[in-house]
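Working notes for the structure below.
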Amino acid sequence: MTGNDPRPSNPEARLAIGEMAVKAYGNYFLIKKLAEGGMAEIFLAKQLGVEGFEKNVVIKRMLPHLSAASDFVSMFLDEARLAASLTHSNIVQISDLGMADGCYFICMEYLAGEDLATVLRTAKRRGEQAPVNIVLRILTEAAIGLHFAHEAVDPKGEPMRLVHRDISPSNIFITYGGQVKVLDFGIAKAESRITSTGAGVVKGKYQYMSPEQARGDSIDRRSDIFSLGVSLYEALTGVRPFARDSDLAVLKAVLGGEYQPVRALRPDLPLEVEQIVNKAMAQEPEYRYPTALAFAQEIERYVGATTSASGGQALTTFMTGFFGPERVKSKMRIESLDELAKRGVDIPGRTNPLSPRTAVGEAQFDIQEKTNAIGAPLTIQTAQQSRKLKFWMAAALVAGIGGTVVATKLLTPAPEPLINTPPPVVVPVVDAGLPGVVIDAGAPEVDAGLVVDAGVVDAGVAVKAQRPVSLTTAMVQKGISANKGRFQKCFKDNKPELPAAQGTLKVTFAIASSGRVSSVSTDLQGTKVSRCIEAAVRGMVFPRHVDLEVRVPIALSWDVR
């Protein structure tokens, strides 16, 4: 690391991607962590107002350890200023720039949908191709938004000469309502920018760079047009034209214009479409479209002369049908703070009906922040509760009640129990420690004499007898953390099955009183990655414990970019 990129002094404080405890942050409430990059974390958040006003927004928060690095702060603030100056329907909107808890943040509009990279990965996993008319509509809208940015002027009316520098499918977003938005002007350059990016400095994703950008030369809007062409090529074929085994090989291919013709990969494409791609990806800038608008108009001329015309409604129909009603609903229907509180989520300023720990006006995040959890607070069975359980079990036997009594409770509101079972042992969400994600390393060691085997146990080997104990979060978390290498391998080995390059797999498993895992399920049931994770979880053995069964919901985060 350089002096401008200090290492974090407390990396464990960083939250894992996925569900988390609701946290007050400035005038917002952070609900869920969506992603993390080299400069910032991205959160789904709530913006509150008077008379119960509540709006879903996205908070982009600078990583805490970068707040003291002036270069990073300037870059982050420049991004906010530039993006906030661009008001257009095809560009994500910025509504606030502020500082809270010692970190700068940007507030932007929440978009319910998917980026183009996710669309293409999902299509490839299913063995499908994105429809040509849909691809052309998406790239047309993105080009129109990009043209607006290229034409932007400052308050004095002077051209800003803005260049995005990082156009790729991951920065083109399609909402379920049929809108297309250009994202992330984070490494954009304008002459009016405070922190300048000089010639010779290469920024961006290598596989989508123009040759002049890869050389570190001075660039203009035509560099973004090249990147649009590369994105169009990939969207039509499902193949990245400059994909190679190393960054050096990628750069060599970009500089040499080494890629297969579009119709060699997809012969059914019309010649006119291939010509549009080739012109946008011309090696020399003067042979490309002069503006992003000219690129969009060329596509529209072709679309208008064919029967494949499609507008926003066609995009809506495609997106909702392609990803299915459950996924669409999960992103379009975000629970309100009141709804979260009613199902037991600790929220500052609200009474939690399922937890006496949180009173109105108090913020309780000690356990949840450490474990990146959302849901009911952590409760551990006491000796008195254990005695109550034994009493009710005896009563059930006397009354002739059969079946298994499960001392467990889900994170959602539960119906009245058949037997007065004690509060459950609920282990909150634990991150698997995959690349780019930091797990909590602060869990205490297991008490002496207790053995937690996080590997596969030979069924023919007897486990040493031990006195049953009260299973603690630390014991479970230690076993899960010890298995992170196996989880990581499952994700890497089955990368094609994953719905996105980054994400969270929800896993629920039960630990019998013997310490063995009695059942396990994931939200990707039936896939190879799920079967791999299930096998890894079933191989874990925990201490024998006094509870009949402990149910453990966890979220394993992956990053296979």
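Scanning the range 295-325 for residues that are farther than 16 Å from ALA143 by Cβ, modelled with pLDDT under 90 and surrounded by fewer than 16 Cβ atoms within 10 Å (Cβ to Cβ), we see that the one that is farthest from the chain's Cα centre (by Cα) is ALA305.
Just to check your reading of the model, which residue among SER519, SER530 is surrounded by fewer than 18 Cβ atoms within 10 Å (Cβ to Cβ), free of Cβ contacts under 8 Å to residues at least 60 places away in the same chain and in the same structural domain as GLU497 (by TED's automatic domain parsing)? Selected residue: SER519, the only one of SER519, SER530 that is surrounded by fewer than 18 Cβ atoms within 10 Å (Cβ to Cβ), free of Cβ contacts under 8 Å to residues at least 60 places away in the same chain and in the same structural domain as GLU497 (by TED's automatic domain parsing). For PRO468, the requirement of being surrounded by fewer than 16 Cβ atoms within 10 Å (Cβ to Cβ), in contact with a His (Cβ under 8 Å, 6 or more places away or on another chain) and not assigned by TED's automatic domain parsing to the domain that holds ARG125 is met.
Looking only at residues in the range 218-253 that are of a type in the set (S, T, N, Q) and buried (at least 17 other Cβ atoms within 10 Å of the Cβ), the one that is farthest from the chain's Cα centre (by Cα) is SER223.
When the range 163-193 is filtered for residues that are at pLDDT below 90 and over 24 Å from the mean Cα position of the chain (by Cα), the ones remaining, listed by number, are LYS189, ALA190, GLU191, SER192, ARG193. Considering each residue of the range 113-123 in turn, at least one proves to be farther than 21 Å from VAL277 by Cα, in contact with a Lys or Arg (Cβ under 9 Å, 6 or more places away or on another chain) and either of a type outside the set (S, T, N, Q) or modelled with pLDDT under 95 (or both).
Scanning the range 81-95 for residues that are assigned to a loop (DSSP other than H, G, I, E, B) and surrounded by fewer than 20 Cβ atoms within 10 Å (Cβ to Cβ) gives SER85, THR87, HIS88, SER89, GLN93.
Residues in the range 491-514 that are surrounded by 18 or more Cβ atoms within 10 Å (Cβ to Cβ) and out of contact with any Asp or Glu (no Cβ under 9 Å at 6 or more places or on another chain) were compared, and the one that is nearest to PHE173 (Cα to Cα) is LEU498. Only one entry in TYR289, TYR208, TYR233 is assigned by TED's automatic domain parsing to the domain that holds ALA123, over 27 Å from ARG561 (Cβ atoms) and aromatic (Phe, Trp, Tyr), namely TYR289.
Check whether at least one residue in the range 508-520 is assigned to a strand (DSSP E or B), farther than 28 Å from GLY37 by Cβ and among the aromatic types (Phe, Trp, Tyr), and report yes or no. Yes: one or more hits.
Scanning the range 63-85 for residues that are touching a strand residue (DSSP E or B) at 6+ places or on another chain (Cβ under 8 Å) and under 23 Å from ILE174 (Cα atoms) turns up GLU79, ALA80, ALA83, ALA84.
The values are calculated or read from the model by the stated rules, or taken from the named source; none is laboratory data. Just so you know, these numbers come straight off a predicted model, no measurement behind them. Cβ: placed from backbone, ideal geometry, glycine included. Neighbour counts: every protein chain shown.
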